Amino acid sequence: MSAPRTVAFHTLGCKLNFSETSTLARSLEEAGYARVHVEDRPDVFILNTCSVTENADKECRQWVRRFLRINPDAFVAVVGCYAQLKPTEIAAIPGVDLVLGANEKFDLAEHIDSRLSLYAGVRSEHGEAVFSPIKEVKRFIPSYNSNEYADGLQAGQRTRTFLKVQDGCDYFCSFCTIPLARGRSRSGTVAETVAIAERIAATGVQEIVLTGVNTGDFGKYTGSSDGDPQDREDFLELIRALDNVDGIVRFRISSIEPNLCHDRIIDFVAGSKRFVPHFHMPLQSGSDIILERMRRRYDTTLYAGRVARIKERMPHACIGVDVITGTPGETEADFQRTHAFLRSIPVDYLHVFTYSERANTTAVRMEDSVSMEVRRERTKQLRILGSKLLRAHYERHLGTVRPVLFETGEDTQAAYIEGFTDNYVRVRLPYDPALANRVVDVRLQHINSDGHIVGEVIAAAQLEPAPGLTATHQTAH
C-alpha cells in the first residue's frame, strides 16, 4: 500500500485565518492526506493569505519561493483573503498551481484531488484560479484551530483554541477590504456553535477565544434569520449559552465593535461564570471627523461611554484598542485628538496600524493622502503610548492575586512556564509541568526585565467548574 500524500500549511494574518487553516487541514486529513511541517518536503503546500498587511503580495511570493526551495516538485495552492481579492494575479506567480476563492477554499480536498490526478511534477506556466464573485459567498463554515501543527501558535496550543463564530462584514468602512474578501456578515446558530464548543472541551482545551470578522454581529443570515428579523439570534444569546458549556474554564471575546458592545453584553460578562474581563474594541481614530470619513458607526462619545461602563462594572478589566494612523485627511490636529483621547480614557493596550492603500476601497480614491513618513512617525508615537499604557496596567495589579491559566508547550526543558491572567496580564514562573493547562491563583509580585510579571503561586484551582476563577472574578467586581 502506497504512503499517503503529505501536506503542509502556512498561515498569514489573523486568528480567524489560523482557525480556518485547522479546519482545512482536518478536511485534507479526512481525505487521506498526512499533515506534516513545512520543512518536511511535503507533496502539497497550502498558503492561507491575508489582505490586511500592506505586504500581502510580497509575503505571498516569498512563501511560494520558500516552498519550492524545500520541494521543487510540490503542488502549491493559495487560499485566503488575498486569494479572493487578487486570484488571477496570484495564479500568475511562478510556482503557484492553484488559487481558490472564499467559496471554494472549503472544498480544498476535492479541488486538489482532481488536479493531482493529472499533476506529475510538471508545472504549467500559469496556475489555475477558481473563484466566485464575492456577492455569491453566502455559506458559513465554522472553524477552530486544533492542537497539532499549530503553525505559529505553538505556545499554549493545547490550552487555548480560536473558534470562528462569525464571518464577513456589512460595514464597508472606507479603508477596509474585508467585505470584498469575505463577503456579507453571516454565522451559524447558537446550537451549532455550542455543539462545537462542547467538542473542543472534550479535547482538554481550557480557554476558547471567540473570533470573527465582526464578532458582535453574530446571528445574521443563519437558518433562524430567513424569516422575521425579530427571530434572529444575537451575540448576547450566544455568550449566555456558551457560559454553560462544561469543561471550558474561560471564554474570551477576541474583538467587538463598540456600537455592538452594549450594556447588556458588558453586564453579562461582569457576572458570568466563564467569560473573562477582557475587551478588545477597535477605535481606529480619536477624531470624530476621521471616524465619519472612515464610515465608522460610532463617535468618540459612544466609545468613551463603553469604556466607562466596562470599568464601572469591572475595574480590573483589560481593554485593548485598535488604532490606524495616517488615513487620508488625517491632519496633525486630528492625530493629536487621537493621542489625547487615548490618554483621557482608561484603556490598557494598543494595536497600532499604519494606513496603507487598498484597491477598490473608498479611501484609496481620496485625494488628501498623508505622506508615508508622517504615517510612520504617528505610528511610532502611538506605539510608545501603548507601551506605557500596558506597563501601567501591569503595575496596577502588582500585589493582587489573579487566576492564571498556564500554557502547555513542546519544550519540557524550558526554564519558564507562562500564562495569562483572566484580565490579560502575562505571567512567568519557573517551569513546573504540574502547572501546565491549569488555572492557578498567583500573587503578582514584580515586573522583570522582559516585561513579564513574576509571581508566587497561591493555590491551584479546580478545572471544572473553575471556582478559583469565579471567586476571584466575582470578588473583583
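Near the amide H of PHE353, within less than 5 Å, lie the amide hydrogens of VAL323, ILE324, THR325, all on another chain or at least 5 residues away, with H placed in the peptide plane.
Compared with the direct C-alpha span, the chain from LYS380 to ALA31 gains 120.9 nm at full extension, assuming 0.36 nm per residue.
Think of each Lys and Arg Cβ as +1 and each Asp and Glu Cβ as -1; about the Cα centre, that makes the dipole of the chain roughly 860 debye. Across the chain, the volume of the C-alpha convex hull divided among the residues equals 159 Å³ per residue.
Arranged from fewest to most other beta-carbon atoms within 10 Å of their beta carbon, TYR82, TYR431, TYR298, TYR416 become TYR416, TYR431, TYR298, TYR82. Within the straight-line cut-off of under 28 Å between alpha carbons, the lysines reachable from LYS388 are LYS15, LYS311, LYS380, sequence neighbours fewer than 8 places apart in one chain being disregarded. For the range 143-393, the share of DSSP beta bridges that are antiparallel, to the nearest 5, is 15%. Each Lys and Arg contributes +1 and each Asp and Glu -1, all at the Cβ; summed about the Cα centre of the range 143-393, the dipole is approximately 720 debye.
Convex hull volume of the C-alpha atoms in the range 143-393, normalised per residue: 138 Å³.
Under the classification rounded if a/c is under 1.5, otherwise prolate if a/b is larger than b/c and oblate if not, where does the range 1-67 fall, given a ≥ b ≥ c as square roots of the Cα gyration tensor eigenvalues?
On the way: a/c = 3.52, a/b = 1.62, b/c = 2.17.
Because a/c hits 1.5 or more and a/b fails to exceed b/c, the range 1-67 counts as oblate.
Shown in residue order for the range 86-101 are the 3J(HN,Hα) couplings computed by the Karplus curve 6.51 cos²θ - 1.76 cosθ + 1.60 at θ = phi - 60°: 10, x, 6, 5, 5, 4, 7, 5, x, x, 7, 9, 8, 10, 10, x Hz (x for Gly and Pro).
3J(HN,Hα) couplings calculated from phi for the range 263-280 with the Karplus curve 6.51 cos²θ - 1.76 cosθ + 1.60 (θ = phi - 60°) are, in sequence order, 4, 5, 5, 4, 5, 5, 4, 4, x, 6, 7, 10, 6, 8, x, 9, 10, 10 Hz; Gly and Pro show x. Looking at TYR171, ALA91, HIS316, which one has the Cα that reaches farthest to the positive end of the dipole of the chain (charges on Cβ: Lys, Arg +1; Asp, Glu -1)? After comparing all options, I get HIS316.
Ratio to report: Rg/Rh of the range 294-426, with Cα atoms as the point set and Rh obtained by the Kirkwood method; give two decimals. Intermediate values should be presented prior to the final figure.
On the way: Rg = 18.3 Å, Rh = 17.3 Å.
Result for the range 294-426 is an Rg/Rh of 1.06.
Its residue count N fixes a reference of 2.2 N^0.38 Å for the range 242-307, and the Cα radius of gyration divided by that reference is 1.32.
Applying 0.36 nm per residue to the separation of ASP299 and ASP73 and subtracting their alpha-carbon distance, the gain on full extension is 76.0 nm. For the chain, the 222 nm mean residue ellipticity estimated from helices alone, with every DSSP H stretch of n ≥ 4 adding -39500 (n - 2.57) and the total spread over all residues, rounds to -9500 deg cm²/dmol. For the chain, the share of DSSP beta bridges that are antiparallel, to the nearest 5, is 35%. The spacing between the range 1-31 and the range 242-279, judged by their C-alpha centroids, is 30 Å.
Shape class for the range 371-430, computed from the alpha carbon gyration tensor (a ≥ b ≥ c): oblate, with a/c not under 1.5 and a/b at or below b/c.
Is the range 6-136 best put as rounded, prolate or oblate by its Cα gyration tensor, with a ≥ b ≥ c the root eigenvalues, rounded for a/c under 1.5, and otherwise prolate when a/b is larger than b/c, oblate when not?
Values: a/c = 1.24, a/b = 1.16, b/c = 1.07.
Rounded.
Below 8 Å, C-alpha to C-alpha, sequence gap of six or more: please give me the relative contact order for the chain in percent. Don't jump to the answer; show the numbers that get you there.
Working: 997 pairs, mean separation 50.2, N = 477.
Relative contact order of the chain: 11 percent.
Rounded to the nearest 20 debye, the dipole size of the range 6-136 about its Cα centre is 380 debye, using +1 on the Cβ of Lys and Arg and -1 on the Cβ of Asp and Glu.
In this structure, the pairs whose alpha-carbon distance is over 22 Å, taken from LYS86/LYS220; LYS86/LYS135; LYS105/LYS164, are LYS86/LYS220.
Since every read-out is calculated from the coordinates, none of them should be taken as a lab result. Computed from a predicted model, the values in this text were never measured in an experiment. As a convention, Cβ positions derive from the backbone with ideal geometry for all residues, glycine included, and neighbour counts pool all protein chains shown.
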